[in-house]
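The values are calculated or read from the model by the stated rules, or taken from the named source; none is laboratory data. Small disclaimer: the values here were computed from a predicted structure and weren't measured. All Cβ positions, glycine included, derive from the backbone under ideal geometry; neighbour counts span all protein chains shown. Remember, those area values only see protein heavy atoms, side chains included, never the ligands or the DNA or RNA. Shrake-Rupley method; radii C 1.70, N 1.55, O 1.52, S 1.80 Å.
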Amino acid sequence: MSRISGFSKLTKLEKIDWLSKHYLSEYPDAKTIIQQYWNSNEALQKLHDEFTENTISNYYLPLGVAPNFKIDHQLYAIPMAIEESSVIAAASKAAKFWLDKGGFKTEILGTTKVGHVHFNYKGSTEQLITFFESIKSKLIAETNSITKNMEKRGGGIKDIKLINKTEALENYYQLYCTFETVDAMGANFINSCLEQFGQTLEAEAKSYKAFTEEGYFPEVIMCILSNYVPGCLVRAEVSCPTSLLGETQEEALKFVQKFTQAIKIAEIEPYRAVTHNKGIMNGVDAVVLATGNDFRAVEAGVHAYASRRGQYSSLTHVSVKNDEFKFWIELPLALGTIGGLTSLHPLVKLSMALLKQPSAEELMRITAVAGLAQNFAAVNSLVTTGIQKGHMKMHLMNILNQFEANAEEREKAVEYFKTHTVTHSEVINLLEKLRAE
Ligand code: MEV
């Protein structure tokens, strides 16, 4: 294993040669595999190379589609980029199930995003409050060149508040800033505004007489948006008479009872809530990725929201009143449909076209629905057949691929496992038997 300086300055081939020599010498196929994933369209490859740094190849994920999603009376085929088997099948199944039961209804509960100027100040709080009030309009005015375009699109800075955090941390104050970024995710816009606020704050403080007399000046520590966006919130819901949830009245009642209990367990038991919400994120992340959004930001924000009451809990909820079953989710989602990858990555552009060029609000609705559908399908399986039946059926192809099964073996295996439970060892046994024949 070797160190190197100036790795980023090497050409792509030089980087691969260096890695092959120093890290992959016992992996002779390395170069072939890396190059196998290059796109023969040079312009397209260059585009992908330039999304990030030190690129050596492309990393594929399947892009699938879950059709039949009726959301607020409109039909969608939802693009999903995900490697896990059965996620898209589960989404499609849930979509179809709710299609003739009114579909999914959604509501945007807010679109506000947040960022902070975190700063230290040792002097008197009253002095700082007076100073802040005197410069507040200047803080906003000096971001004029940054906010001009956003304001034309209906967004901009909503408010700036001074927050005293000194009880939690000595000398620590914040400018708590709220933004509307319309169809942009807005990270660059928000961070640019915040950095300008920080500069204005320090510059104005330098010539503020009371600070000079006091000998203490605000010192900016950092300026950054928050990925916690409880004010950028969407709700999605399905509902139907309980009688539609089973073939017979008895089956429906049993299902409702077990399903409801499963959701209540996820509400009060963090161990279960984490897995429950992971299933929701199977759907959410797949749409977030397919539409070129930042899944790390979404993940961080969603899980923080799931802990907002001090204990990690379920993102979905259920109620049964007057024989009406209602199942819903509330998700904080900071998504964009312009800027970032959305105008660069050809498959992201295609996903946006598939969704009929949604606004950010529409994409929030669609993504929340994908999460709710995923959770419905997962909990449905869990409280009825168990998750492994469907999961292992989908996983069968992965196992067959792993053992390089040919077309005939695949066909026979699929037939055989229509009536047998898929396990790793059962697949191997079957393949051995077929190969011995
Ligand atoms: C697997 O990726 C997701 C599930 O575990 C979710 C859940 O348990 O609700 C099936």
Inset, instruction - Quick one: dipole size for the range 113-225, taken about the Cα centre, charges +1 on Lys/Arg Cβ and -1 on Asp/Glu Cβ, in debye to the nearest 20. - result: 360
Inset, instruction - Please name whichever of Y271, Q357, S5 sits farthest to the positive end of the charge dipole of the chain, dipole taken about the Cα centre and charges placed at Cβ: Lys and Arg +1, Asp and Glu -1. - result: Q357
Inset, instruction - Towards the positive end of the charge dipole of the range 185-303, with charges on Cβ (+1 Lys, Arg; -1 Asp, Glu), say which of G246, V288, M222 has the farthest Cα. - result: G246
Inset, instruction - Under a cut-off of 16 Å between alpha-carbon atoms, report the lysines in cross-link reach of K101, not counting same-chain residues fewer than 8 places apart. - result: K70, K93, K326
Inset, instruction - Restricting to the chain, compute how many DSSP beta bridges are antiparallel as a %, nearest 5. - result: 95
Inset, instruction - Can you tell me the FRET efficiency between K31 and N164 if r is taken as the Cβ-Cβ distance and R0 is 45 Å, rounded to the nearest 0.05? - result: 0.15
Legend entry - Q357 paired with I4, simple spin-label distance in nm, labels 7 Å along Cα-to-beta-carbon: 4.4
Legend entry - nm² value of the averaged projected area, convex hull over the Cα atoms of the range 32-170: 16.5
Inset, instruction - Quantify, in whole percent, the carbon and sulfur part of the accessible surface of the chain (1.4 Å probe; protein heavy atoms only). - result: 53
Inset, instruction - Might you report the magnitude of the Cβ-based charge dipole of the range 271-357 about its Cα centre, with Lys and Arg at +1 and Asp and Glu at -1, to the nearest 20 debye? - result: 80
Inset, instruction - For the range 376-437 and the range 1-26, compute the distance between their C-alpha centroids and round to whole Å. - result: 40
Inset, instruction - Report, in whole Å, the centroid distance computed from the Cα atoms of the range 292-340 and the range 140-217. - result: 28
Legend entry - At most 16 other Cβ within 10 Å, DSSP loop - GluC sites (Glu not before Pro), the range 242-290: E247
Inset, instruction - Positive end of the charge dipole of the range 295-437 (Lys, Arg +1 and Asp, Glu -1 on Cβ, about the Cα centre): tell me which of A370, N322, G310 has its Cα farthest that way. - result: G310
Legend entry - Mean separation of Cα contacts under 8 Å, 6 or more apart, over the residue count of the range 113-225: relative contact order %: 44
Legend entry - Between 0 and 90°, nearest 10: helix 360-383 axis offset from the chain longest Cα axis: 40
Inset, instruction - Quote the FRET efficiency, to the nearest 0.05, computed for E83 versus A141 with a Förster distance R0 of 45 Å and r equal to the Cβ-Cβ distance. - result: 0.40
Legend entry - Crossing angle, helix 407-416 versus the chain [Cα axis fit, 0-90 degrees, rounded to tens]: 80
Legend entry - lysines with Cα under 30 Å of K433, excluding same-chain neighbours fewer than 8 positions away: K389, K393, K412, K418
Legend entry - Neighbourhood net charge (13 Å Cβ-Cβ; Lys/Arg +1, Asp/Glu -1) for A297: -1
Inset, instruction - Using only Cα atoms, tell me the angle between helix 125-141 and the longest principal axis of the chain; keep it within 0 to 90° and round to the nearest 10. - result: 70
Inset, instruction - Obtain the nm distance between the two label points defined at D72 and S319 by a simple spin-label model: each point lies 7 Å from its Cα along the Cα-to-C-beta direction. - result: 2.1
Inset, instruction - Any chance you could run the full-extension gain for E133 through E269? It's 0.36 nm times the residue separation minus the Cα-Cα distance, nm to one decimal. - result: 44.4 nm
Inset, instruction - With springs only between Cα atoms under 10 Å apart, run a GNM on the chain and tell me which of T166, T32, T384 wobbles the most. - result: T32
Legend entry - Value at 222 nm in deg cm²/dmol, rounded to 500, when DSSP H runs of n ≥ 4 in the chain each add -39,500 (n - 2.57): -15500 deg cm²/dmol
Inset, instruction - Mind checking which lysines have their Cα closer than 16 Å to the Cα of K138? Skip sequence neighbours fewer than 8 apart in that chain. - result: K148, K158, K161, K206
Inset, instruction - Describe numerically, in nm with one decimal, the distance between label points set 7 Å from Cα along Cα→Cβ at L44 and at K122. - result: 6.1
Legend entry - Euclidean distance between Cα centres, the range 341-368 to the range 72-129, Å: 13
Legend entry - Förster-model FRET efficiency, 45 Å R0, E415 and Q249, C-beta, rounded to 0.05: 0.80
Inset, instruction - Could you grab the relative contact order for the chain? Cα pairs under 8 Å, six or more apart, rounded to a whole percent. - result: 17
Inset, instruction - With +1 on each Lys and Arg Cβ and -1 on each Asp and Glu Cβ, and nothing else charged, work out how big the dipole of the range 25-164 is about its Cα centre, in Debye to the nearest 20. - result: 720
